[in-house]
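To start, the structure itself, in structure tokens.
Taken together, the values in this text are just the output of simple stated rules run on the coordinates, not laboratory data. From a predicted model like this one, the values you see are computed outputs, not experimental measurements. As a convention, Cβ positions derive from the backbone with ideal geometry for all residues, glycine included, and neighbour counts pool all protein chains shown.
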Amino acid sequence: MSLTRSVTLEKSGRPGTRSGGPSRLRSKLRLDGWGLLAVPLLVFLLVIFVGPLCLLIAKSFTDPTVGFENYQKIFAEPLYLKILRNTFVTALVVTVVTLLLAYPYAYLMTIAKPFWRTILLLLVLVPFWTSVLVRTFALVLLLRDTGVLNTIAQDAGLISEPIAMLRTLRGVVFGMVQVALPFAVLPIYATMRGIDTRLTQAAQGLGDRPSGAFWRVFVPLSMPGVAAGMLLTFIQALGYYITPAMLGGPKNTMIGELIVQQVSTVLQFGFAAALAVILLVTTFVLLAIAGRFMNLERMLMGRS
């Protein structure tokens, strides 16, 4: 009788039997009807993203020869080191300027009335919906020596001769900032909207001045949005191509331009792949560092 009972328990997979563990594992791995909806997306990511990424990494070590030749070439040639340094410096400058413009703009959106808040939001989103190439061409017309800015400044008597904006770092920064601005404004604004204004009112009720309440209460609470905007701006600024290529000069070459040049002109696909891998690794390192000090899931996805 006991033998029959033990066999029955083993077949049923109840706790305490040998088959219980594998059964529970299979139940965890099994997808229900709703989970199957994610399968097409997973297949798409594997085919379109993961597969080419693996091929890219492999090519950086195998083309033209197997080894670390491409990476040694990057760090051994002063020209390539200069381009890498220029890329990081430009991305840092763009990030700082973007945050200096985005923070007060997002705060203005927070305190504005609904009508003006909508207008301010549209002013951020409408350029965001326009092609980067179209906006960059418009900036070329705006920033050239005979462009709108120099013409207005000369007619107003502010300058005696045109200020060179194209083929300079300030032109590149100007163009990259206007592209990156929505990526900084929106997360900062989303964080500011979630701050309880009664906290600053309480600080003022305890004797603090409005400016002191702003800097001691409001600004620290808005830092998650600032960190998100900084991270998004800096990471995407590292890979800019169109804007620096059209507004900058040889002295302002960034790594994105170098990758395109290696692929389309000199046909060094392995070297271009190595440059791309460096950008990829840099992005992962930045995310890892940020993840050590910040809640990235909450910061980027709005989760607690």
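Along the Cα-to-C-beta direction of residue 128, a point sits 7 Å from the Cα; which residues of segment 218-236 have their amide N less than 13 Å from that point?
From segment 218-236, the list is 229, 233.
By the scheme Lys and Arg +1, Asp and Glu -1, what is the net charge of all other residues having a beta-carbon under 15 Å from that of residue 262?
Value of the local net charge: -2.
Give me the distance in nm between label points sitting 7 Å out from Cα along the Cα-to-Cβ direction at residue 260 and residue 288, one decimal.
Label-label distance for residue 260 and residue 288, simple model: 3.1 nm.
List the residue ranges in the chain for DSSP H helices whose C-alpha atoms run 30 angstrom or more along the long axis and whose Kyte-Doolittle average is 1.0 or above.
78-111, 169-193, 269-293
What is the count of Lys pairs in the chain whose alpha carbons sit under 21 Å apart, if the two are 8 or more places apart or on different chains?
5
Within the chain, what is the longest stretch that has no trypsin sites (Lys or Arg not before Pro) placed in a DSSP loop and near at most 10 other beta-carbon atoms within 10 Å?
The longest such stretch corresponds to 31-302.
Suppose the chain between residue 135 and residue 149 were pulled fully straight at 0.36 nm per residue; how much longer would it get relative to their current alpha carbon spacing?
That works out to 3.5 nm of additional length.
Post the alpha-carbon centroid distance, segment 158-209 to segment 229-276, in whole angstrom.
So the two Cα centres are separated by 26 Å.
Given charges of +1 on the Cβ of Lys and Arg and -1 on the Cβ of Asp and Glu, with all other atoms neutral, how large is the dipole of the chain about its Cα centre, in debye to the nearest 20?
Here the chain has a charge dipole of around 1360 debye.
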